[in-house]
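Down below is the structure, laid out as structure tokens.
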Amino acid sequence: MKVTVIGAGIVGLATAWWLARDGHAVTVLDEAAEPASGASFANGAQLSYSYVAPLAEPGILKDLPKYLLDRNGPLRFVPRADPAQWSWLLRFLAACNASAAARGTASLLRLAFASRDALYAMLAATPMEFDHARNGKLVVQSSAAAMRGAEAQLRLQATLGCEQQALTAAECLALEPDLASIRQRLVGGILTPSEEVGDCHKLCLELARVLATPAFGARLLTATRVERLVVEAGRLRAVRTSRGDHEADLTVLAAGVGTAALGRSAGVTVPVLALRGYSITAPVRAGNCGPRRSITDSARKTVYAPLGAALRVAGFAEIGTTGPTPGRAEALARETDAVFPGACDTAAATTWTGLRPATPTSLPLIGPTRIEGLALNAGQGALGFTLAAGSARLLADLLAGRDPAVDPAPFRP
Ligand SMILES: Cc1cc2nc3c(=O)[nH]c(=O)nc-3n(C[C@H](O)[C@H](O)[C@H](O)COP(=O)(O)OP(=O)(O)OC[C@H]3O[C@@H](n4cnc5c(N)ncnc54)[C@H](O)[C@@H]3O)c2cc1C
């Protein structure tokens, strides 16, 4: 089959890998000059297989007024006169209940575990270098109430196959002595030894390299903007680009935050909204190893990942901002210096901002649409690096008529 994949981020490239491996003739289109120029460029680097709980959960409701008022908080919401934003928000609010959150967690955990297996299968078939390490993750809590909530989530996830331990503050400090700087507020943490890190951008470049080899034979067309999808009689006839039309038997829309607009051009509503985030990447100072594991500072909603000789620090989630909010990178640098004083050279850090393609339920949309010849693989939100390989394999299994490793129903577009 001739397949066009729109989007050369981690989701589109992983999709291309599985479809080309199935023998399809794959072409990947991207408007940017290089692969991974969107959300996959400098994300938090976490392969966070056991931390997939949806953003929509009952606890977030009580904090909503704060998010509307506090422009410096970790979450920020700017209301706009945009029907897509309000429709997304209503669906998000409808998902803020305990049963939807528990169902979402279970579905996302299954996809995440399948994603780990899928990534290992990919690496076994085509070794790729991307600073991949299984160093474990420690999520630290700063209040007794937050620790109780984290322990309740641990008990729920234990029934779903997660292996995690609740640690006291002293046990956290024994594992990560650098956390001494937050000793005053540290009440405990959840350790997940199986969690991994990696450089998503490097993996994308490696995927592009592998896809170009004769064994995969895929074509990557960069600097090719998709203007719209041309639908005739319920069938996708062509993908109209800045360089002419592309015709294929199947088109997979994996365009990150660009997916909603392209879906709309085909009459398909895709509830994907941009959640802006920020990261800095700071060189670790010679002789100072910094944190050994990935650390999430739950109170500040900031993640720290050791990545090669650097520390990647990511945080913030903004809905409705039209461009980068000044001061975010500086705030991440200040936070890093406060939590890990002297560990890295934040003055020499590179800074970045990107847009997470988020659905209201945090469940990605994977599978064929009602338009013949058009499938979706989008909306992985804050977890696209973690879920990309499993999402791609699920789509390939559905298209090949194979039994997928996970139930596709929760992810059906
Ligand atoms: C600050 C931050 C931290 C994060 N941390 C993590 C983390 O630690 N772990 C994790 O798992 N995930 C993390 N994520 C989420 C993850 O980065 C994303 O979910 C993932 O990169 C999405 O991949 P994608 O391929 O769907 O989108 P993208 O990487 O954005 O790729 C989409 C591509 O489509 C192209 N495109 C769009 N529209 C068009 C068009 N009209 N024509 C042609 N091309 C088009 C774009 O150029 C882009 O290259 C983080 C995200 C952010 C912003």
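The values are calculated or read from the model by the stated rules, or taken from the named source; none is laboratory data. For clarity, every value in this text was computed on a predicted model and none was experimentally measured. As a convention, Cβ positions derive from the backbone with ideal geometry for all residues, glycine included, and neighbour counts pool all protein chains shown.
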Exception for Ala36 within (1) more than 12 Å from the ligand (Cβ to nearest atom); (2) at positive phi falls at (1)
Would you mind finding the one in Thr302, Thr350, Thr336 that is in contact with an Asp or Glu (Cβ under 8 Å, 6 or more places away or on another chain), of a type outside the set (Asp, Glu), assigned by TED's automatic domain parsing to the domain that holds Tyr51 and at pLDDT 95 or above?
Thr302
Are there any helices (runs of 4 or more DSSP H) wholly within region 3-92 with 1 or more residues that are touching a strand residue (DSSP E or B) at 6+ places or on another chain (Cβ under 9 Å), hydrophobic (A, V, I, L, M, F, W, C) and not assigned by TED's automatic domain parsing to the domain that holds Gly323, and if so which?
10-21
Have a look at Ala317, Ala260 and point out the one that is more than 7 Å from the ligand (Cβ to nearest atom) and either outside the structural domain of Ala169 (by TED's automatic domain parsing) or over 17 Å from the mean Cα position of the chain (by Cα) (or both).
Ala260
Quick one: what pairs do we get from region 377-395, first residue over 17 Å from Val257 (Cα atoms), second part of a helix (DSSP H, G or I) and near the ligand (Cβ under 6 Å from one of its atoms), C-beta under 9 Å, 6+ apart or different chains?
Ala389/Ile10; Ala392/Val11; Ala392/Gly12
From the options Leu47, Leu29, Leu19, residue that is more than 7 Å from the ligand (Cβ to nearest atom), farther than 16 Å from Ala274 by Cβ and of a type outside the set (S, T, N, Q):
Leu19
If I ask for residues that are under 26 Å from Val272 (Cα atoms), in contact with a strand residue (DSSP E or B) (Cβ under 9 Å, 6 or more places away or on another chain) and not in a strand (DSSP E or B), which ones from region 287-322 would you list?
Ser298, Arg300, Lys301, Gly320, Thr321
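Against the condition assigned by TED's automatic domain parsing to the domain that holds Ser294, surrounded by 18 or more Cβ atoms within 10 Å (Cβ to Cβ), within 27 Å of Cys344 (Cα to Cα) and without any contact (Cβ under 8 Å) to a residue 40 or more places away in the chain, how does Ala169 come out, does it pass?
Values: assigned by TED's automatic domain parsing to the domain that holds Ser294: yes; surrounded by 18 or more Cβ atoms within 10 Å (Cβ to Cβ): yes; within 27 Å of Cys344 (Cα to Cα): yes; without any contact (Cβ under 8 Å) to a residue 40 or more places away in the chain: yes.
Here the answer is yes, as Ala169 does meet what is asked.
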Is it the case that region 219-234 has a residue that's surrounded by fewer than 18 Cβ atoms within 10 Å (Cβ to Cβ), touching a strand residue (DSSP E or B) at 6+ places or on another chain (Cβ under 6 Å) and among the acidic types (Asp, Glu)?
yes
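When you look at Ala102, is it in a helix (DSSP H, G or I) and modelled with pLDDT under 95, yes or no?
Numbers: in a helix (DSSP H, G or I): yes; modelled with pLDDT under 95: yes.
Against the criterion (in a helix (DSSP H, G or I) and modelled with pLDDT under 95), Ala102 qualifies.
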Any pair with Cβ under 9 angstrom, 6 or more apart, that starts in region 27-50 at a residue that is over 25 Å from Pro214 (Cα atoms) and ends at one that is within 7 Å of the ligand (Cβ to nearest atom) and basic (Lys, Arg)
Ala39/Arg356; Asn43/Arg356
Quick check: anything in region 6-15 in contact with an Asp or Glu (Cβ under 9 Å, 6 or more places away or on another chain), within 16 Å of the ligand (Cβ to nearest atom) and under 29 Å from Glu335 (Cβ atoms)?
yes
